[in-house]
Amino acid sequence: MNLTKKIGAEFIGTFVLVFMGCGSAVFLGARTEGGHLAVALAFGLSIVAMAYVIGGVSGCHINPAVSLAMLLRNKLSVKEFGGYVSAQVGGAIAAAGLLRLLAAFGIPDQTGALGSNAALALGPPAANAGGIGASLLIEVVLTFIFILVILGVTSDESKGGVAGIVIGLTLTFVHIVGIPITGTSVNPARSIGPAIFAGVDYLSDLWIFIVAPLAGAALAVWAYSLIAPKVVAAQSKGKGKGKGKGKR
């Protein structure tokens, strides 16, 4: 597939993810009754939708952490990685810019910051070490879980038909846990886009949502490399036993 088409697909996919996910937070609010779950579902359903639209074009990474994992797994070249990340950040900025424009027309922003991530998201951006530490930890853990699921479900061709649904549902439950703490990033592009328009307080926290997801992705690749050979060996052994029984 032409790299230009892949980059275009990643731009569109990330645009949809940020516009629908952050848009649900902006216009509905995560603090309203049912808002927390609605925002989590908006992010998850965006992944499901895009997986079946651009999955066959670019793999539907729409997240630099996912692209880093694929780079480390030798499923993406350095050139492709650079193109993917640029497109993802560009798509996120475009989506956040559209949300900012809609807010300028008088539609209330329930988050006050275009759905930006921040340490201790349900309060003001935290300036204390505890807030930063908790935010770093939760983002590493949630990204680790998210990327581990992606690696598992995409490594088995038999799961190809349901991969988008599994990944989308995983992103949903990751958001359910993370929204009260940071607003949930697990995606540097998703964080960069809104922060650019949200002001200095959110830009000062932005490094957390770049470093932590990338670290979580690297840890997931390392962990999966430890368990994947065992899983493959077990599957092969099981198939071998099955064939033997069939012959007898």
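The values are calculated or read from the model by the stated rules, or taken from the named source; none is laboratory data. A quick note: this is a predicted structure, and the numbers were derived from the prediction, not measured. When we count neighbours, we look across all protein chains shown, and the Cβ atoms used for this are built from the backbone with ideal geometry, even at glycine. The accessibility values were calculated without ligands, DNA or RNA, using every heavy atom of the protein model including side chains. Shrake-Rupley method; radii C 1.70, N 1.55, O 1.52, S 1.80 Å.
Here the calculated FRET efficiency for Ser225 and Gln110, from their Cβ-Cβ distance with R0 = 25 Å, stands at 0.05, rounded to the nearest 0.05.
Shape class of segment 88-209 from the alpha-carbon gyration tensor: oblate, with a/c at 1.5 or above and b/c at least as large as a/b. A full extension of the chain between Asn2 and Asn74 corresponds to an added length of 24.1 nm, given 0.36 nm per residue minus the alpha carbon distance. What the phi angles of segment 40-48 give under the Karplus curve with 6.51, -1.76 and 1.60, with θ = phi - 60°, is a coupling list of 4, 5, 4, 5, x, 5, 4, 5, 4 Hz, glycine and proline written as x. Lysine pairs in the chain whose alpha-carbon atoms fall under 24 angstrom of each other, counting only those eight or more residues apart or on distinct chains, come to 19.
When you count, for each residue, the other Cβ atoms within 10 Å and take the mean per peptide, how do 131-140, 90-99 rank with the highest first? If you can, show how the numbers build up before the last one.
On the way: 131-140: 19.8, 90-99: 22.0.
By packing density, highest mean first, the sequence is 90-99, 131-140.
The residues of the chain expose on average 46 square angstrom of accessible surface per residue, using a 1.4 Å probe on protein heavy atoms.
Please find, in a Gaussian network model of the chain (springs between Cα atoms separated by less than 10 Å), the residue of Leu17, Leu101, Leu37 whose mean-square fluctuation is greatest. Of the options given, Leu101 has the highest mean-square fluctuation.
Nearest 500 deg cm²/dmol is fine: what mean residue ellipticity at 222 nm does the chain get from its DSSP H runs of n ≥ 4 alone, each adding -39,500 (n - 2.57), divided by its residue count?
Theoretical 222 nm ellipticity from helices: -26500 deg cm²/dmol.
Taking the Cα centre as origin and putting +1 on Lys and Arg beta-carbons and -1 on Asp and Glu beta-carbons, what dipole magnitude results for the chain, to the nearest 20 debye?
That gives the chain a dipole magnitude of about 1660 debye.
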